[in-house]
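Since every read-out is calculated from the coordinates, none of them should be taken as a lab result. Everything quoted here is computed from the prediction, not taken from an experiment. Here the Cβ positions follow ideal geometry from the backbone for every residue, glycine too, while neighbour counts run over all protein chains shown.
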Amino acid sequence: MTDGVFNQSERRRQKRDPIAFILECLYSRGRSLRPVSYFGEALWRLLREVSNVFETSFNLYQTLQTCTMNSIMRTAARCLRSGAYRTAQNNGELLSVWARLMCSSSAVLKTLEEMVKKDKVVVFMKGTPAQPMCGFSKAVVQILRMHGVDSYAAYNVLDDQDVRQGIKTFSNWPTIPQVFINGEFFGGCDILLQMHQSGDLVEELQKLGIRSALLDQEKESK
Amino acid sequence: MSVTPDLIREKLSAEIGAIHVDVADTTPNRCAASFKVLVVSPQFEGKPLLQRHRMVNNCLAEELKEIHAFEQKTLTPEQWEKQKAQ
């Protein structure tokens, strides 16, 4: 991502009030106060800390279709580095906040590695478990629910184009949804479904120390 | 060149020795070019599911760039015979 993402008038606005500009991006992109992508959350937390004014008055403008989370992060990094911000904190605190931002803005692939290792079961899908936006993603959610797996990490690729493309490169797998078990790529919807039908999924979950709900159902019926 | 069922069938037969390929164009059910394939090949013998699917993905790497959704079922000849008998 380069400066080419923003046009001239946007860049002028960016220089005038960088924090407001970034917030504008987040507001218009997420249409909510808490962007749900991993980068968005990190950035949001940082901005709340460094800016004593996050309800600034600004003119809403059209959603930047090409504005990805990665580019927003880079813009934020540039702005903060240039010192063009208002802050209530002293310099010491700001440096540690800045260090945290740099850690969280590391390459998408490295972050994905962390994401898949953070939880036992990780799903990259379209939509959310409560509201899947694609039939295949919905199937994955349903299968996991049938086995009683409810505490898994679910990332909505529709929220973040970097994650959507990045995860395909990371796992060398062309489609979404993608299921990771114990940090390793397990498969997509087809594989999960086949393993569920063959009974292998119960075994896989057992290896993780997860007891499939189907086992309890079998017991009850006997 | 757009992806056609015949192209998929040809590639799978040529590159992973598929003895039987069923290709269904499921595009009407999805938002863009989508296919559902059944591939039967002796080369799948002894390979776990994920490895089989990766073989298919590698074979169709170029085509998958254009396809929006892709479903696949991979069977060995033995598994296929069993399935047919059911």
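Structure summary
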| read-out | value |
| --- | --- |
| Positions within region B:34-44 being more than 12 Å from chain A (Cβ to nearest Cβ), touching a strand residue (DSSP E or B) at 6+ places or on another chain (Cβ under 8 Å) and of a type outside the set (Val, Ile, Thr), in sequence order | B:Ser41, B:Phe44 |
| Count - residues of region A:163-176 that are surrounded by 14 or more Cβ atoms within 10 Å (Cβ to Cβ), more than 11 Å from chain B (Cβ to nearest Cβ) and not aromatic (Phe, Trp, Tyr) | 4 |
| Filtered residue count, region B:1-43, keeping only those that are closer than 16 Å to B:His68 by Cβ and not in a helix (DSSP H, G or I) | 15 |
| Selection from region B:45-67 of residues that are surrounded by fewer than 14 Cβ atoms within 10 Å (Cβ to Cβ), assigned to a loop (DSSP other than H, G, I, E, B) and either in contact (Cβ under 8 Å) with a residue 60 or more places away in the chain or within 11 Å of chain A (Cβ to nearest Cβ) (or both) | B:Pro48, B:Lys65, B:Glu66 |
| Residue in region B:50-71 that is over 27 Å from A:Asp200 (Cβ atoms) and in contact with a Pro (Cβ under 7 Å, 6 or more places away or on another chain) present | no |
| Residue match in region B:69-83 (condition: more than 10 Å from chain A (Cβ to nearest Cβ), in contact with a Phe, Trp or Tyr (Cβ under 6 Å, 6 or more places away or on another chain) and surrounded by fewer than 19 Cβ atoms within 10 Å (Cβ to Cβ)) | yes |
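Conditions (1) on the phi > 0 side of the Ramachandran plot; (2) away from chain B (no Cβ under 14 Å); (3) surrounded by fewer than 14 Cβ atoms within 10 Å (Cβ to Cβ), marked per residue:
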{"site": "A:His147", "(1), (2), (3)": "no, yes, no"}
{"site": "A:Ser151", "(1), (2), (3)": "no, yes, yes"}
{"site": "A:Gln161", "(1), (2), (3)": "no, yes, no"}
{"site": "A:Met195", "(1), (2), (3)": "no, no, no"}
